[in-house]
1. Based on DSSP H runs of at least 4 residues, each adding -39500 (n - 2.57), what is the mean residue ellipticity at 222 nm of the chain after dividing by all its residues, to the nearest 500 deg cm²/dmol?
2. With just the Cα atoms defining each centre, how far is segment 110-175 from segment 314-383? Give it in Å.
3. Quick check for you: which residues of segment 105-130 have the amide N under 15 Å from the point 7 Å beyond the Cα of residue 168 toward its beta carbon?
4. Residue 43 versus residue 158, label points 7 Å from Cα toward the beta carbon: distance in nm?
5. Measure off 7 Å from each Cα along the Cα-to-Cβ vector at residue 88 and residue 128, then give the distance between these two points in nanometres to one decimal.
6. Per residue, how much accessible area does the chain have with a 1.4 Å probe, in Å²?
7. Where does the charge balance sit around residue 22 when Lys and Arg score +1, Asp and Glu -1, over other residues with C-beta under 13 Å from its C-beta?
8. For the chain, set up a Gaussian network in which alpha carbons nearer than 10 Å are linked by springs, and say which option among 203, 224, 254 fluctuates the most.
Amino acid sequence: MTHSGTVTSDRPTLSAGGAAKLTLDLTALRSNWGYLNKKVGENCTCAVVLKANGYGTGAIEVGKTLYDAGARVFFVAFPEEGIELRKQLPHVEIYVLSGLFREREKFYYDFDLKPVLNSHEEVAEWSSFAQSLDEELPAALHFDTGMHRLGLSARDAREIAGSSTLSKGINVDLIMSHLACADTPDHTLNKKQLTRFQRVCEHFPGARRSLCNSSGIFLGPEYHFDMVRPGIALYGGNPVPGQPNPMLAVAHVHGEIISLREVPAGDSVGYGASRVTSRKSRIATINAGYADGLHRRVGSSDDQPNGARVYINGHFAPIFGRVSMDMIAVDVTDIPEEHLSRGAPVEIMGAHVNVDELANFAQTIPYELLCSLGARYTRHYKR
């Protein structure tokens with residue numbers, strides 16, 4: 001089935017205008033969630049983290065796709081994100097990770113959003129609001145087990161659990177914490193956080209428990225508890241750095257060759273004359289740049305010649321020189337001429353140039369790279 005905004009072919013297609021194309025493979029997304037859901041087993045809920053517009057991929061499309069796959073619990077960063085999701089998915093659980101924003105309690109209530117309470121003040125405010133309505137309102141309690149970013153303390157856990165008034169009106173249906181070093185399996189903080197979380201949970205025997213992010217799922221069953229909260233792995237990022245990526249690529253960025261030119265040996269290419277040809281070279285100009293989220297660090301210079309690469313008709317080609325706002329230059333000298341032409345599709349990120357590889361060249365992480373995908377792309381959703 002094909003409808004507006006959706007393509008079904010595996011071959012890159014040209015966009016209606018001149019912008020590069022971002023294709024989101026919803027079949028791969030669904031497969032990734034299914035893989036993680038199976039890994040944690042039927043006694044553990046595999047939730048979905050949808051913050052930052054689904055890590056740049058489109059929160060509503062992601063939400064609807066994974067709801068159809070069986071997901072029923074979603075996490076967003078801010079209430080605005082939850083409100084938009086609620087309009088599309090009226091029967092799911094939606095938690096707001098950044099907590100209860102001051103004097104916004106009614107937004108949470110009106111759209112059935114569950115705040116993740118991160119401090120005594122938030123607990124008190126949600127409790128007071130619930131009592132003003134003479135209702136019991138659901139919420140999660142987030143405990144800091146070693147990240148020191150957000151969360152209640154172990155002392156808070158004892159006080160809240162031992163008091164009949166501190167959480168009056170609150171139905172604590174989830175206890176959670178967040179792993180700081182899950183992508184480094186041997187880091188000693190993982191075990192420390194696990195032990196601290198287990199102790200906190202003892203104070204709330206009736207609530208569900210959740211500790212794992214994407215990488216945490218791969219630390220083993222003892223970390224899974226009742227619910228896991230994958231994010232980057234759903235969108236194709238590697239949750240086990242240094243090992244083969246078990247996830248499928250979801251975001252595919254394709255540009256096209258808009259110019260081909262011969263550059264003599266000893267001439268520079270691009271801004272700052274930062275990269276000079278060592279031979280007579282064929283340079284292709286591609287229609288994507290840092291305005292599209294292609295970080296300037298993926299470029300190259302004579303001082304740092306090992307920049308990122310793109311994939312053109314079965315061949316890899318290095319980015320040559322600086323990344324511009326709207327364009328990159330690529331050295332295609334070693335690609336046979338019959339594989340090169342104006343309009344030829346170029347994979348910038350996808351099945352051959354994966355998001356982790358590109359992030360490494362950008363000296364960042366795949367999270368930032370995906371969240372930086374610009375609004376200028378022609379977006380397509382492949383089912």
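1. -7500 deg cm²/dmol
2. 45 Å
3. 124-130
4. Rounded to a tenth, the inter-label distance reads 3.0 nm.
5. 3.6 nm
6. Value for the chain: 46 Å² per residue.
7. Local charge sum for residue 22: 0.
8. 203
The values are calculated or read from the model by the stated rules, or taken from the named source; none is laboratory data. Just so it is clear, the model here is predicted, and its values are computed rather than measured. In this analysis, Cβ positions are derived from the backbone assuming ideal geometry, glycine residues included, and neighbour counts consider all displayed protein chains. The protein model used for the area step is the full one, side chains on, heavy atoms only, and it has no ligands, DNA or RNA in it. Shrake-Rupley method; radii C 1.70, N 1.55, O 1.52, S 1.80 Å.
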